[in-house]
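Derivation of every value follows stated rules applied to the coordinates shown; laboratory data play no part. Owing to the predicted nature of the structure, the values given are computational and were not obtained by experimental measurement. Counting neighbours? That spans all protein chains shown, and the Cβs are built from the backbone with ideal geometry, glycine included.
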Amino acid sequence: MKQRRDVTDELRATVRKELPEVEEIQDESLRAKVIEAWALSLAHSGFDSIDAIEPAANPGVNRLKNGKQSDHIRGVTKMAVAVAEQMCALMPSLSVDKDCLIAGALCHDVGKPFEFDPENRKRWEANPYASGLPAIRHPAFGVYICLTVGLPEEIAHCAAAHSGEGELVVRSLENTIIHHVDYAFWNVCRAGDLLVPETLAALKSGR
Ligand SMILES: [Fe+2]
């Protein structure tokens with residue numbers, strides 16, 4: 001697929017700033033690929049930062065009253081690490097790959113720039129039967145991005161199957177954690193009155 005613009009160092013620097021948890025990834029090449037993935041995904045859209053994307057679970061659905069899209073990505077990453085640490089402390093035989101967990105959490109929504117892009121939305125909404133509405137949801141577009149930048153299948157899987165699409169497969173251990181904290185993030189925000197009322201998804205709907 002043709003990019004809208006080139007991936008620049010400026011774009012990479014923006015991603016690094018918006019997702020400081022990337023520094024917690026021990027493997028240098030994995031760290032670089034996570035940054036590359038977000039930069040490439042943004043380059044496929046009109047957004048020049050993660051925080052320019054609507055702070056919502058899906059376009060127009062479960063939008064934060066106050067907060068940014070990076071708050072969601074970072075929140076999911078922090079919660080995933082916390083769950084893994086607490087569970088592993090209680091159950092020492094549990095073996096979570098921390099690099100995979102952090103990279104997977106940071107990349108789970110990496111396909112959002114394409115699905116949320118206003119130009120794409122306008123085209124799809126004008127004629128849903130031409131190429132679908134959306135043509136490609138963020139989990140599938142995220143897989144395209146992850147594999148394009150050379151991320152391993154374990155990380156592409158977190159993008160692919162963190163949401164409803166994951167009901168069709170068996171989720172990895174790391175993605176099971178990511179899936180649950182992703183849903184927890186939106187459900188806690190909802191219960192805590194942090195979401196714009198008109199954007200509330202039907203209870204228990206997928207994201
Ligand atoms: Fe998410």
Inset, instruction - Please determine, by comparing only the residues of the stretch 148-193 that are within 15 Å of the ligand (Cβ to nearest atom) and touching a Leu at 6+ places or on another chain (Cβ under 6 Å), which one is farthest from Glu115 (Cα to Cα). - result: Glu174
Inset, instruction - May I ask you to say which residue of Glu154, Glu198, Glu174, Glu165 is within 18 Å of Ala57 (Cβ to Cβ) and either among the hydrophobic types (A, V, I, L, M, F, W, C) or in contact with a helix residue (DSSP H, G or I) (Cβ under 7 Å, 6 or more places away or on another chain) (or both)? - result: Glu165
Legend entry - Condition check for Ile73: without any contact (Cβ under 8 Å) to a residue 60 or more places away in the chain and either within 29 Å of Ala191 (Cα to Cα) or part of a helix (DSSP H, G or I) (or both): yes
Inset, instruction - Taking the options His157, His162, His180, His138, name whichever one is under 14 Å from the mean Cα position of the chain (by Cα) and more than 19 Å from Trp38 (Cβ to Cβ). - result: His180
Legend entry - Residue tally, condition over 21 Å from Ile177 (Cα atoms) and more than 14 Å from the ligand (Cβ to nearest atom), over the stretch 42-82: 13
Inset, instruction - Report, by residue number, each residue of the stretch 31-42 that is surrounded by fewer than 18 Cβ atoms within 10 Å (Cβ to Cβ) and in contact (Cβ under 8 Å) with a residue 12 or more places away in the chain. - result: none
